[in-house]
Amino acid sequence: MSRSCPSNYRDMLAVLTTMHAQGVCHCSDTTLGRELVLIVDRDNSLEFMGYDASPETNFAHAIVPGFDEAMAFAERVKFPEHGLIVMGCGDDQRAPEILPRKDVTDREMLESAVQEACRRCGTAFAETNMHAHRNPTRMAAIKRATTDFVRRFYSRCPECDYLGFNATERVPGLLCAWRGKPTRVVITEILGCRSCGHRSEQSVCDQTTADPGQCDECNPECSVSMERIL
Ligand SMILES: [Zn+2]
Ligand SMILES: [Zn+2]
């Protein structure tokens, strides 16, 4: 019997998950925000995902000695449209057990939280609220990840027309421009069908050699940093 196409998930047991992570690429000093939108169809043992990675993130923190410094930080991270979390501070580290104010959304709340934390600890630890409902930058990234999800979901197998014909494997190994050794830069993607097993290969690289900045041997520091991100 042929497998039914999961074209409508309204009535199916599916789990929608969104995930968020941050990483810092030290070679370019860029903070990356990553979003993953995932639907797990338990009945059919299928997963469909969408992904977004962008340097557009307000992920940041600051240790502040008073309200003026807190406001300066807040403005940099697009407060009050974006929420903040304020807590105590000990040994220049966040101390969430002291006064955690997890949902600071206006100037008055920020002032009272920072003053209270400074009174108890000397300084306050302020950080951006990365919960999606308090972070419009994340909302925009989740929208992009969801668009990616829809594109992947509706991509169909050329053999059997089943949904979700996408990359199941990425083949790295583009040669470094300096030393000619294989790098982790992906050359081709293998697309696979989960219904009939059809596979095809597509080139995803328009360069003939890899930038030495992306090479483990020529730029090991960058590679280690990127490993933490990816
Ligand atoms: Zn197929
Ligand atoms: Zn190299």
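Quarter the surface of the alpha carbon convex hull of the range 158-230 and you get the mean projected area, 5.7 square nanometres.
A Förster radius of 22 Å, combined with the Cβ-Cβ distance separating Ser112 from Glu75, puts the computed FRET efficiency at roughly 0.75. Eigen-decomposition of the gyration tensor built on the alpha-carbon atoms of the range 102-192 gives equivalent ellipsoid semi-axes of 47, 24, 8 angstrom, largest listed first. Charging the Cβ of each Asp and Glu at -1 and of each Lys and Arg at +1, and nothing else, the dipole of the range 69-174 about its Cα centre rounds to 340 debye.
For Asp216, the amide hydrogen comes within under 5 Å of the amide hydrogens of Arg184, counting only partners 5 or more places away or on other chains and with H modelled in the peptide plane. Cβ-to-Cβ counts within 10 Å put Thr123, Thr105 in ascending order as Thr105, Thr123, the fewest first. With each label modelled as a point 7 angstrom along the Cα→C-beta vector, the Asp216-Val204 pair spans 1.9 nm. The smallest convex shape that holds all Cα atoms of the range 43-126, its convex hull, gives 147 Å³ per residue.
The lysines within cross-link reach of Lys102, meaning a Cα-to-Cα straight distance under 24 Å and a gap of 8 or more places when in the same chain, are Lys78.
Each value in this text was obtained by applying a stated rule to the coordinates, not by laboratory testing. This structure is a prediction, so every number in the text was calculated from the model and none was measured. Methodologically, a virtual Cβ is constructed for each residue, glycine included, from the backbone with ideal geometry; neighbour enumeration extends over all protein chains shown.
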